[in-house]
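Have a look at the structure below before the remarks.
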4 protein chains.
Amino acid sequence: MKTKDFKKVVLKYKAVFFDAYGVLKNYKGLIPGIENTFQFLIDNGIDYYILTNDASRSPEQLADTYRSRGITAVTTERIISSGMLAREYLQYKIKHGTVVYLGTKNSAHYIESSGLTTLSVEDANLEELDHVRAMVFLDDEGFVWNNDINKVINILRHKNMSVIVANTDISYPVNKHEIAIAIGGLADLVEEIIGKVFIRFGKPDAQMFMYAYEQVLAKSPMRKDEILMVGDTLKTDIIGGNKFGLDTALVLTGNTIPDQASMKIASSGIIPTHICESVVIN
Amino acid sequence: MKTKDFKKVVLKYKAVFFDAYGVLKNYKGLIPGIENTFQFLIDNGIDYYILTNDASRSPEQLADTYRSRGITAVTTERIISSGMLAREYLQYKIKHGTVVYLGTKNSAHYIESSGLTTLSVEDANLEELDHVRAMVFLDDEGFVWNNDINKVINILRHKNMSVIVANTDISYPVNKHEIAIAIGGLADLVEEIIGKVFIRFGKPDAQMFMYAYEQVLAKSPMRKDEILMVGDTLKTDIIGGNKFGLDTALVLTGNTIPDQASMKIASSGIIPTHICESVVIN
Amino acid sequence: MKTKDFKKVVLKYKAVFFDAYGVLKNYKGLIPGIENTFQFLIDNGIDYYILTNDASRSPEQLADTYRSRGITAVTTERIISSGMLAREYLQYKIKHGTVVYLGTKNSAHYIESSGLTTLSVEDANLEELDHVRAMVFLDDEGFVWNNDINKVINILRHKNMSVIVANTDISYPVNKHEIAIAIGGLADLVEEIIGKVFIRFGKPDAQMFMYAYEQVLAKSPMRKDEILMVGDTLKTDIIGGNKFGLDTALVLTGNTIPDQASMKIASSGIIPTHICESVVIN
Amino acid sequence: MKTKDFKKVVLKYKAVFFDAYGVLKNYKGLIPGIENTFQFLIDNGIDYYILTNDASRSPEQLADTYRSRGITAVTTERIISSGMLAREYLQYKIKHGTVVYLGTKNSAHYIESSGLTTLSVEDANLEELDHVRAMVFLDDEGFVWNNDINKVINILRHKNMSVIVANTDISYPVNKHEIAIAIGGLADLVEEIIGKVFIRFGKPDAQMFMYAYEQVLAKSPMRKDEILMVGDTLKTDIIGGNKFGLDTALVLTGNTIPDQASMKIASSGIIPTHICESVVIN
């Protein structure tokens, strides 16, 4: 399979959207040389955003992980997380009251910044749900699965409310050889048992791309096909970018390994505009 | 179940998005009195659009069906169809070449207006697919299912290409007691057999609402929750509107009959902001 | 909805298969008067078996719960559990080696009685899987979900092996108002993430009914339609019995409440031969 | 990938179950040399049956296709088709009345031999369904899809009845490079639209294997693991055989091509006991 040089590819575009995990970083940390890529974009006047399916940490905290490793180009306002879309939903649809959540106290930040009261599932009381207005799945950590997943099911059986899933991913890598279930996977389990329809935020959904598109448009007018979406996963980054009308580049530093890229493209019918080894520019 | 008067509800909003079938019309034609509703909106400075999962006819043709029945308020530019989103996709992603389609010659209008060459599946040749760039599902009529659905499967096995489904609906009503399979249902069948991932346009997907939101914003600034989405179907109109951040009104003149509304809301967890008998304003 | 007297119904048959939960017992214990039903069957020479989706306890232990409450008619050999089918699978297909399991030590009984070595997921070592021949989902209790469900996923990614789910149920009632996720639900989650095909045992699968049918045939010849399957759940007991060729009776003491029985039959298309209030015979 | 010699493998067993398409025949006709295989089985006293997902032709007609090509060893009583299981269901569950069907007049043979009246969907009248007791999906040919698939949907909306699918396959090969939708695929489409639960017969379901097992047991006692199921498809033949407790052999003359066998086994987790090039014995 022939790959293209990312440097030559990116010069054709006015803006780039990056997936984070598998593109800018992996289980070892940041991909070496990534600082050159951002410098190249800045030098050439190409706008950029990070689009990440993550509701476990705030954009500020996500930006800190880049800054602490010497990448100053990734500031808070460059980061668009699925958690931000969930927060926007809550702002529009749930104006007051209490929102019950699954996740760490830290992830509950997204709800609190909407001005709503948060209540962990652990602390919720099945007999006192009158003030509860919605349920949000934020993070796979921060609670005892045996207890709290069953408790969520019974909360949703006792009171009808909107359910928001702040990350569509069903799994994520924890190291080179192991993965873990993401909060989106746990939400699928609860949805199967309860038989209700949940509201999910994250790639490949259009809302993620729309949010980023609005940011670039606020600075400079551009057509959708003047933007490049870069990702390592066909079923989220590439199909999502394609559907939204963006050009897309698949990189081989994460989920899609070089040996299997051609086969996966053929079997899924998800066709990136470009294939590049990585986003590193030397 | 207590319903609200649509007149009082709609006065709280700056714009209204209407589903067409089950809201403005049904198997008998336009719902009587609908002209008063549009006059009321105009008199009160409330903007409005029709959002319809339909790729069988152009917006011009769809507007004609209203005009010919005396509703002049529904002009071409008031209509946003899922076919228009499919067309936009083709404009951004498929710049030249031939697109194969399932549907009537009439539905192929959406592709032709993108400047692409159209080829019905019937006329396609399995041995000459080099120039074919994409496959589009447009309409359930205009072709022999026995032959052409199988032919689509073999076209997609012979050449990897993007597949666009221009209407997410799986069925539609043909009269009071009968329904028919919509093109979205036929696309599901082909996708199951071929194992590839298709790109679908239509409610409840966010892109449909985004397109309409951009239209109203071009005329007047407004927040998402200053817009009301009105529909008869929880799983397309209401969940889609909710997820996008709009307020929503379920009407009982179509898919959701009065007796079952409460039960369907409880079992699906899809909760409209309002429930109204109909959109008729006396 | 007109129901029939179970006494009159059952007299037409040579054997009866009972579901346990929702038919013979519920969250309060045995359904009062159930002893008369068994006495009636014995007096009239009608054979009977209990078919239960359960791999958490051995048939001996399940029989004990009846005996301890004064029902001596339900002996060990009258009980056919989905765990027994999983055990039979292991006997035929996994002749030696180690089987890893999720569940209580008690549930591991089913594997040990096959002559295989058992290893809880907690005690398994990802680096030492050479001797492991299969993975079995037995019970939702006895392990820490946060740790061990993720560990199962990584075991199955490291070594290809058969995966057996010893109970198809995705949830079960824990009291009048609450349910819990059953091991079949957890298996669905793992299967979704890992993308492999698991082997499931339990109703509505034919193997459950076949096993019971072989037991009655060993004593007395009879046609399938001379046997009555009695259950409270359309999607397991009734469709399973129907498909196997048995007559079926839906009872309203469990999962299907009287108010909803007609609606559920109409919407599912699963039609029992008879509907009875309960199996109690006065 | 190392394959084993089928001759050596089969000598370990008392009986063999063969899938037909991809094992004994392909798009060109019978696999050359297959007559030696049957002679070898006869010479060595190994019993054999053909298990085929097919309801388009009667066992007599299926046997004729072998006989006419010189294979006399495949007699009518050696053939077990999914259509036979559907017929058995009708005999037990639908004692009289009319059964509506999709398929050729020829395929309706399976219903007629149950003593029931048959009515093609084309000839059915939506207003006169009182005498109709069940609907059977038999074959993808013999009717106009555009009309009759929609008509089936409306028949099932007008009257609640059992629906039987006499072949689980969703597609079948028509020549070296093309496939077609099988009746099981059309049934999936109708089931999705109508939201009801259909009853399906065919591999990998246990009932298919049970029926064959009863035939061999009637002649000679044997354990399940003394029988070898031979097939070309992991998701029907091999997983079905494994689950029933049989040993299994994957052959590479059909659906699973040599290049992909290892990958498909690894990704599906469906592990055959043996892998053989073909069933041909020289």
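Test of the criteria: in segment A:80-155, which chymotrypsin sites (Phe, Trp or Tyr not before Pro) are in a DSSP loop and have at most 15 other Cβ atoms within 10 angstrom of their Cβ?
none
Sort D:Lys25, C:Lys243 so that the residue with the fewest other Cβ atoms within 10 Å of its own Cβ comes first and the one with the most comes last.
D:Lys25, C:Lys243
Need the full-extension length gain, A:Asn175 to A:Tyr27, defined as separation in residues times 0.36 nm minus the C-alpha distance. One decimal, nm.
The span from A:Asn175 to A:Tyr27 would gain 52.8 nm if fully extended.
Provide an ascending nm list, one decimal, of label-point separations from B:Asp130 to the equivalent residue in each further copy; define each label point as 7 Å from Cα along Cα→Cβ.
5.5, 6.6, 7.5
Taking the convex hull of the Cα atoms, report for chain A its projected area averaged over all directions, in nm².
Averaged projected area of chain A's Cα convex hull equals 15.0 nm².
Let me check against my output: what whole-number percent is the relative contact order of chain B, with C-alpha pairs under 8 Å and at least 6 apart?
23 percent.
Among chain C residues, which Cβ is nearest the axis of the C-onto-D rotation, and at how many Å?
Per the Cβ-to-axis criterion, the result reads C:Ala206, 2.
Could you tell me what percent of the DSSP beta bridges with both partners in the protein assembly as shown are antiparallel, to the nearest 5?
10
Put a point 7 Å out from Cα along the line to Cβ at A:Lys4; what are the distances to that point in the other copies, in nm, shortest first?
Those separations, rounded to one decimal, come out as 5.1, 5.1, 7.1 nm.
Under the definition of Cα pairs under 8 Å and six or more residues apart, what whole-number percent is the relative contact order of segment C:96-213?
Relative contact order of segment C:96-213: 23 percent.
Cα-based Rg (one decimal) and Dmax (whole number) for segment D:83-200, in Å?
13.5, 45
Once each part is reduced to its C-alpha centroid, what is the distance from segment A:9-40 to segment D:197-223 in angstrom?
Taking the Cα centre of segment D:197-223 as reference, the centre of segment A:9-40 is 57 Å away.
Expressed as an acute angle from 0 to 90° and rounded to the nearest 10, what is the orientation of the C-alpha long axis of helix B:34-43 relative to the principal long axis of chain B?
Tilt relative to chain B: about 70 degrees.
Let me know the charge dipole size of segment D:179-238 about its Cα centre in debye, to the nearest 20, where only the beta-carbon of Lys, Arg (+1) and Asp, Glu (-1) is charged.
In debye, rounded to 20, segment D:179-238 gives about 160.
Quick check: the angle from helix A:206-219's long axis to the longest principal axis of chain A, C-alpha only, nearest 10 degrees?
Approximately 60 degrees, to the nearest 10.
Give me the percent of DSSP beta bridges within segment D:6-114 that run antiparallel, rounded to the nearest 5.
20
Past the 42 angstrom mark, what percentage of all C-alpha to C-alpha distances in the protein assembly as shown do you count?
Everything past 42 Å amounts to 45 percent.
Lysine pairs in segment C:83-200 with Cα distance under 18 Å, only those 8 or more apart or on different chains: how many are there?
Final tally of qualifying lysine pairs is 5.
Give, as a single signed number, the net charge of other residues whose beta carbon lies under 13 Å from the beta carbon of D:Ile31, with Lys and Arg counted +1 and Asp and Glu -1.
Value of the local net charge: -1.
Between beta-carbons, use under 12 Å as the cut-off and find the net charge around A:Val132, counting Lys and Arg +1, Asp and Glu -1.
Net charge around A:Val132: -2.
In whole Hz, what ³J(HN,Hα) sequence does segment A:162-174 give by Karplus (6.51, -1.76, 1.60; θ = phi - 60°), x for Gly and Pro?
Each residue of segment A:162-174 in turn: 6, 10, 10, 10, 8, 6, 6, 4, 9, 8, 8, x, 10 Hz.
Suppose every K and R has +1 on its Cβ and every D and E has -1 on its Cβ; what is the size of the dipole of the protein assembly as shown about the Cα centre, in Debye to the nearest 20?
About 0 debye.
Considering only DSSP beta bridges whose two residues both sit in segment B:83-200, what percent are antiparallel, to the nearest 5?
15
How far, in nm, would the chain grow between B:Ala266 and B:His158 when pulled straight, counting 0.36 nm per residue and subtracting the alpha carbon separation?
Result: 34.3 nm gained on full extension.
Shortest first, in nm, what separates the label point of D:Arg67 from those of the same position in the other copies (7 Å along Cα→Cβ)?
5.8, 7.0, 8.5
With axes computed from alpha carbons, what is the tilt in degrees of helix D:183-194 against the longest principal axis of chain D, rounded to the nearest 10 within 0 to 90?
Roughly 40 degrees, rounded to the nearest 10.
Please give the average number of partner chain Cβ atoms lying within 10 Å of the Cβ of each residue in A:193-201, rounded to a whole number.
Mean partner-chain Cβ count within 10 Å for A:193-201: 5.
Could you please report the charge total around A:Thr3, scoring K, R as +1 and D, E as -1 over all other residues with beta-carbon less than 15 angstrom from its beta-carbon?
It works out to a net charge of +1.
Throughout, read-outs are computed from the coordinates displayed, never taken from laboratory work. Computed from a predicted model, the values in this text were never measured in an experiment. Cβ sites come from the backbone with ideal geometry, for glycine too, and all protein chains shown count toward neighbours.
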